[in-house]
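The values are calculated or read from the model by the stated rules, or taken from the named source; none is laboratory data. Quantities reported herein were computed from a predicted structural model and do not represent experimental measurements. Here the Cβ is made from the backbone with ideal geometry for all residues, glycine too, and neighbour counts use every protein chain on show. The area values use the complete protein model at the heavy-atom level, side chains included, leaving out ligands, DNA and RNA. Shrake-Rupley method; radii C 1.70, N 1.55, O 1.52, S 1.80 Å.
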Amino acid sequence: MSNARNDLVLFSPSGIVAKAAPVRKAARRLKAMGFDVRIDEAALLKQQRFAGDDDTRLAALHRIAGEAPAVALATRGGYGLSRLLDRVDWKAMQHSVEQGTAWVGYSDMTALHLAALAQGAAGAAQPGEGVRAGLWAGPMACDDFGREDSDLGGDDVTQDTFSEAMSGELEAVGFRTEAGFDGLETSGRLWGGNLAIVQALLGTPHFPKVRGGVLFLEDVNEHPYRIERALLQLHQAGVLAQQKAIVLGAFTEYRKSPLDRGYNLKAVIAHLRSVCPVPILTGLPFGHVPVKVCLPVGRKVNLMVQGRDAFILW
């Protein structure tokens with residue numbers, strides 16, 4: 001790590017951590033990468049399907065915000081943050097970002113990220129070069145640093161990208177997209193995350209009213225028709241038309257049905273493109289997949305496409 005501050009706290013704001021071993025392996029791996037790692041005192045608690053009851057998880061969130069570590073990395077997602085949003089001290093969250101904290105995760109962490117953006121606690125849209133602090137859609141401890149089936153605990157590209165992001169060195173990500181967008185160049189505030197969470201926040205005070213943004217989306221265990229229904233709700237609510245571009249990541253682990261008869265994700269995207277005039281790109285390496293990039297939620301980015309090579313720069 002090239003950054004002077006490298007203290008990292010592992011915390012569990014959402015679902016239960018079934019076994020402690022992946023968290024402890026992740027802590028060892030992150031330490032080997034140069035982080036000064038600590039597991040929050042409540043990270044391994046259990047209450048029904050949650051990592052501790054609501055008050056405990058909320059207290060952990062506020063405790064970490066007060067400590068303002070360099071990195072607050074979620075152990076896993078699941079469900080639970082939506083229960084806390086009405087009670088989060090957003091000024092404390094904002095202060096932690098101002099003190100240098102990067103809040104990192106994906107999946108259910110989308111709720112915290114987007115609510116923080118809606119409540120003005122995301123940090124500056126253009127913080128300058130080399131700034132780590134803010135909200136990062138990125139890996140989580142258990143699946144990306146603590147996997148049993150990997151000597152490294154996860155994918156090395158994912159881990160290297162995370163290390164670059166947390167040292168302030170990551171300034172862009174690139175990916176291959178479909179043909180037809182060559183020459184596209186636009187800019188806007190980057191936001192999004194898990195589609196189901198984005199959809200669930202719609203109409204609440206925790207849904208950020210981003211106009212002229214770059215919206216990225218992913219999901220898991222959702223059949224294409226459910227993905228289409230969620231996307232159409234965002235479209236029919238006027239959200240998609242307000243964006244400069246929509247970038248789709250991975251939509252994985254759903255079961256096909258014999259009733260589909262050729263209806264698939266490709267058909268979903270084709271239909272969405274037929275009703276929504278905003279450019280809709282695919283191929284972003286992000287979601288419930290081993291290889292994922294880090295994305296600075298709330299920052300202004302430039303989106304450029306050359307041939308089939310797409311770049312998000314900040």
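Please compute the Cα-Cα pair-distance distribution of the chain with 10 Å bins starting at 0, giving whole percents from short to long.
It works out to 6, 29, 37, 22, 6, 0, in whole percents.
Cα centroids of segment 170-209 and segment 241-262: how far apart, whole angstrom?
About 14 Å separates the Cα centre of segment 170-209 from the one of segment 241-262.
At 1.4 Å probe size, put 218, 169 in order of accessible surface, largest to smallest.
169, 218
Which number comes out as Rg/Rh for segment 94-135 once both Rg and the Kirkwood Rh are worked out on C-alpha atoms?
0.95
Consider just the alpha-carbon atoms of segment 136-238 and return their Rg together with their Dmax, both in angstrom.
Every Cα atom of segment 136-238 included, Rg and Dmax give 16.6, 46 Å.
Return P(r) of segment 159-206 (all Cα-Cα pairs; 10 Å bins starting at 0; whole %; ordered from short to long distances).
Reading the bins upward from 0: 16, 30, 39, 15.
Over segment 44-114, how many percent of alpha carbon pairs lie in each 5 Å bin up to the one with the longest distance?
Bin by bin from 0 Å, the calculated values are 4, 16, 28, 29, 17, 5, 1.
Treating cross-link reach as a plain straight distance, find the lysines whose alpha-carbon is under 27 Å from the alpha-carbon of residue 91, omitting any fewer than eight places away in the same chain.
Correct list for residue 91: 209, 300.
Would you compute, from DSSP H runs of 4+ residues alone, the mean residue ellipticity of the chain at 222 nm, taking -39500 (n - 2.57) per run and dividing by the full residue count, rounded to the nearest 500?
About -8500 deg cm²/dmol.
If you take the charge dipole of the chain about its Cα centre, with +1 on Lys and Arg Cβ and -1 on Asp and Glu Cβ, which of 242, 120, 103 is farthest toward its positive end?
So the residue furthest toward the plus end is 242.
Suppose all protein chains stay in the model; what accessible area per residue would a 1.4 Å probe give for the chain, in Å²?
I get 43 Å² per residue for the chain.
Restricting things to Cα coordinates, could you compute the convex hull volume per residue of segment 157-314 in Å³?
That works out to 115 Å³ per residue.
Alpha carbon centre of segment 14-59 versus segment 84-126: separation in Å?
Spelled out, the Cα-based centre of one part sits 19 Å from the other.
Which residue, 113, 271, 288, has the most motion in a Gaussian network model of the chain that connects Cα atoms within less than 10 Å?
271
Quick one: with all protein chains in place, what share of the accessible area of the chain is carbon or sulfur, to the nearest percent (1.4 Å probe)?
Carbon with sulfur: 47 percent of the solvent-accessible area.
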